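First the structure, in the form of structure tokens, and then the observations on it.
The values are calculated or read from the model by the stated rules, or taken from the named source; none is laboratory data. Since we're looking at a predicted model, the values are computed, not measured. Neighbour counts are summed over all protein chains in view; Cβ atoms, including those assigned to glycine, are modelled from backbone coordinates with ideal geometry. Only protein heavy atoms, including side chains, enter the accessible area calculation; ligands, DNA and RNA are left aside. Shrake-Rupley method; radii C 1.70, N 1.55, O 1.52, S 1.80 Å.
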Amino acid sequence: MPPPFLPVAEAKETKMENQSAGISRRRMLQAMGLAAGAAWSPMGAWADPSDSAGAGGNQETKLRVALMGLGSYAARVAEAMQSCKRARVAGLISGTPSKLQEWGTKFGVPEKNRYDYGNFDRIKDDPDIDAVYIITPNALHRDQAIRVAKAGKHVICEKPMAVNAKEGQDMIDACADAGVKLLVGYRMHFEPNTLEVIRMRKAGDFGNILFFQGLCGFRIGDPNQWRLDKALAGGGSLMDIGIYAINGARYMVGEDPVWVTAQQTKTDPIKFKEGVDETVQFQLGFPSGAVASCLSTYQMNHLDRFFMTGEQGFAELQPATGYGPIQGRTHKGELAQPHAMHQTLQMDEMAGILLDGNTPVVPVDGEEGLKDLKIIDAIYAACDTGRRQELRPG
Ligand code: NAD
């Protein structure tokens, strides 16, 4: 049976991909005379069979992930990973010794797999870690990702991947040079109702897409938090929450924009200092002629809505990007895919990408992250100049 949360067509594809990946891997192990004992891990390390997923003697290894930055989102990821079938928390990186102790005990991470920001390059010699998941303030992602890549581990990085396109490109180059993969924590790319709308769009159910609207925002609290510090956040609401509208416009419409216009408004210049945007409205134009109109804000609550209309139908998601359940409807009726924790789905699917070479329905690689960063750069440039910015497609 396909996993119940996937649309049937995509579940079939995924199952076929998993099966073929499983067969080729088993064949390879058999050819090496190893199928019954040790299991291969993606970084070339030999994993203890006790790491294998499933209690029934399944020799598939789980993706062994070190979490970097033990803040609020990492806590959600760590909890969600307790339900993963293909991934587990295997390492921790933090500047706070008490957190390493507490999380290590809670998630069963031995002391030898705990690191701080000064010594985590030593993860290079740690055979128990396959990938590092960077969940720190945005402006730290670039340098941390480059260090992880140099240590020979796959990089999973939270959104925004970096604070501008140049830094994003540096990360892609470093991972390519080191021969490791770079993935971005785009959890919506694995969310079942979102995937159902994408499946319907690909099937032509909406006809030619004409218009997308993305409203993303919340009223931010503590004025002293890193999200309001340009040096750590790289910007303001656009970096943090507006990126969902940018990314959503691309996966809902199914194209990359070729132009951007944008306007910024600021009602509280004390809280939202120079370089930290409070509210940005932006418009995107796509090669087909479809257009998007989006709002990103740190000053209004209850904004989490996508609407898309085509020549033959519409889709509406509200909430569209929160932790769920995601709800919505199309011209054909209510969307009714079952809810599961997004981070559990994401990490299981990312294990399939990193361990088996699976291809997700919507990409989550560095190039995908870079596309959003180029659009963010263009939106800020449009706000500053008041002029439309052209983007090269792809
Ligand atoms: P947070 O403030 O709760 O946690 C950040 C962590 O980074 C803390 O543990 C902090 O100690 C650590 N840190 C390391 N160096 C630091 C420094 N120099 N200054 C400040 N903190 C430092 O933030 P968060 O909400 O967990 O966000 C972390 C990242 O995750 C961000 O990039 C954010 O955009 C992303 N995020 C993604 C989602 C999602 O749904 N995908 C949700 C929330 C946050």
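As a quick test, which of the pairs Lys271/Lys371; Lys273/Lys374; Lys202/Lys332 have an alpha carbon distance above 18 angstrom in this structure?
On the way: Lys271/Lys371 29 Å; Lys273/Lys374 23 Å; Lys202/Lys332 15 Å.
In this structure, Lys271/Lys371; Lys273/Lys374 lie more than 18 Å apart at Cα.
Around Lys271, under 15 Å between beta carbons, what's the net of Lys plus Arg minus Asp minus Glu among the other residues?
Numbers: positive: Arg219, Arg227, Lys230, Lys266, Lys273; negative: Asp222, Asp229, Asp240, Asp268, Glu274, Asp277, Glu278.
For residues surrounding Lys271, the net value is -2.
What are the semi-axes of the equivalent ellipsoid of segment 89-189, taken as the square roots of 5 times the eigenvalues of the Cα gyration tensor, listed largest first and rounded to whole Å?
Working: eigenvalues 105, 44, 30 Å².
Equivalent ellipsoid semi-axes, largest first: 23, 15, 12 Å.
How do Lys153, Lys124 rank by accessible surface area computed with a 1.4 Å probe, from largest to smallest?
On the way: Lys153 10, Lys124 125 Å².
Final ranking, largest accessible area leading: Lys124, Lys153.
Gain in length, Thr96 to Trp226, computed as 0.36 nm per residue apart minus the alpha-carbon separation, to one decimal in nm?
Numbers: separation 130, 0.36 × 130 = 46.80 nm, distance 1.70 nm.
Between Thr96 and Trp226, full extension yields 45.1 nm more.
What FRET efficiency comes out for Ala176 versus Tyr117 if R0 is 30 angstrom and r is the Cβ-Cβ distance? Round to the nearest 0.05. List each step's numbers first, then the result.
Values: r = 24 Å, r/R0 = 0.81.
The calculated FRET efficiency here is 0.80.
At a probe radius of 1.4 Å, what is the per-residue accessible area of Leu232, in Å² to the nearest 10?
Estimated to the nearest 10 Å², Leu232 gives 50 Å².
For Ser83, tell me the accessible area in Å² from a 1.4 Å probe, rounded to the nearest 10.
Accessible area, nearest 10 Å²: 70 Å².
From largest accessible area down, sort Trp103, Trp226; use a 1.4 Å probe on the protein chains.
Highest to lowest solvent-accessible surface, that is Trp226, Trp103.
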